[in-house]
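Read-outs throughout are calculated quantities, based only on the coordinates presented, and are distinct from any laboratory measurement. All of these numbers come straight from a predicted model, not from anything done at the bench. Here the Cβ positions follow ideal geometry from the backbone for every residue, glycine too, while neighbour counts run over all protein chains shown.
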Amino acid sequence: MPLWFQSMKVTLKEIYFNYLWWIWQTILVFVCGFFLVFGIQILIKSYQLNNPFYFMMIFFASNLIILISMVLMAGFLYRMVGVHRLIYNKKKEGKISEEEGEKSG
């Protein structure tokens, strides 16, 4: 591979992992939040139905929508917190090693 292609590849990875990854995770959290609210609205509307068969179908479907959206939202948030802690710890270790280098030098 040419050298310019490798440097462009590294630059694209840095841009993705520094900025676009966070934007993408935030979009996914908002989409999960939308479906959570949508499922709650369906659940509320299901209590207004007169047919018990339709009530049971819509009740369980809305609970499934709520469950899936909450689990996915929790997973995305857990991943975001984990990456944030990893980045924070790496920056903290870098500052500590710089300070030790200044003290010894």
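Across region 59-73, rounded Karplus estimates of 3J(HN,Hα) from the backbone phi angles (6.51 cos²θ - 1.76 cosθ + 1.60, θ = phi - 60°) give 4, 6, 5, 5, 5, 5, 4, 5, 4, 5, 5, 5, 5, 5, 4 Hz, Gly and Pro being marked x. Using C-alpha pairs under 8 Å with a sequence gap of at least 6, the mean separation divided by the residue count of region 22-104 gives a relative contact order of 36 percent.
Semi-axes of the equivalent ellipsoid for region 22-104, computed as √(5λ) from the eigenvalues of its C-alpha gyration tensor and ordered from largest down, come to 48, 9, 7 Å. About its Cα centre, region 22-104 has a charge dipole of approximately 160 debye under the convention of +1 per Lys or Arg Cβ and -1 per Asp or Glu Cβ, with nothing else charged. Considering only Ile40, Met57, Thr26, the residue lying farthest towards the positive end of the dipole of region 22-104 is Met57, judged by Cα position with unit charges set on Cβ. Annotation for region 41-93: chymotrypsin sites (Phe, Trp or Tyr not before Pro) lying in DSSP loop with at most 10 further Cβ atoms inside 10 Å of their Cβ are Tyr47.
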